[in-house]
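Pasting in a structure now, in structure tokens, and then I'll have a few things to ask.
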Amino acid sequence: MDAKNKKKEEEELRAKVSIGCEEDSEEIEGLETRKTSKLLGSMDKFANPINPNSSASGKSRNTMKQQSVNDTILKERTYVTQRYVAKWVYQTGIPFNAIDNDCFLQMVEAIGQFGPSFKPPSQWQLREPLLKEEFETTKETLKKQEQSWKVDGCSIMTDAWTDRKRRSIMNLCVNCKEGTTFLSSKDSSAEAHIGENIFKYVLSAIEEVGSEHVVQVVTDNASNNMAAAKMLKVKMPYIFGARVLLIPLTSCLKVLASYQSSKIHLRKLRVSVSSFIPTTRH
């Protein structure tokens, strides 16, 4: 399809979209006492305050009636617009929980502020310039977190589960004062779920981050994880293996203080403890 026909097809497709603006505007015009027409805009729900001190006047009654109609129209438009969003989600097979993503909410807000006739990015724009720009932005964000690893220390967090295809997945994340960063994911379906394999995977993550920056490894109480923790204690005794349930902090300090090489970690541990307690309080 050439560019001219594609543009025409896009215009025809846009023309099919309607959330009832024209019909609603006519209804609102009939309620107006002014000669000028009143269009329902994006700020109308904020710009039409009702004055309770003049509620007995005819003008106030008209205002209240208009406010009620406006609220009804806004509710109807919201529902129609949501159906367009739902249709796109269904046809493209997007997981429902994707709408809880902050970026989705920001996208919807940005399109709303732009107004009608917003032109979405092309496939090429998504693959090339926009992707590269977002990649650079993400790298800058990670730099701040990596700097925090060096100054305040960080925690390696493990998580494992079985997905719908019965695959065993294990994730590793790094948590620090600046936030949590996804580090890597591994399909461990083909290997035995033993402590040695978990230990090797966690060890590779520690080496990637820098063992001098890691204060603790957070995991659950599964027996294979506990076996991996024992191996880690032998390999790197200055890194504390924390369980999901809160372990007495005095024990943590005693373990770390018993190793001469762990003195450098004590200052970092003070920062780690302050962020670790709220997340494990439950």
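Read-outs: derived from the displayed coordinates by stated rules, not from any lab. Nothing here was measured: the structure is a model prediction, and the numbers come from that model. Virtual Cβ from ideal backbone geometry, glycine too; neighbours counted across all protein chains shown.
How large is ³J(HN,Hα), in whole Hz, for each residue of segment 184-197 in order, when computed from phi with the Karplus curve 6.51 cos²θ - 1.76 cosθ + 1.60 and θ = phi - 60°, using x for Gly and Pro?
6, 9, 9, 8, 9, 5, 7, 10, 5, 8, 10, x, 5, 5
I would also like to ask the following. Could you sort the peptides 222-231, 177-186, 152-161 by per-residue average Cβ neighbour count (10 Å cutoff), highest mean leading? List each step's numbers first, then the result.
On the way: 222-231: 16.8, 177-186: 14.0, 152-161: 20.1.
With the highest mean Cβ count within 10 Å placed first, the list reads 152-161, 222-231, 177-186.
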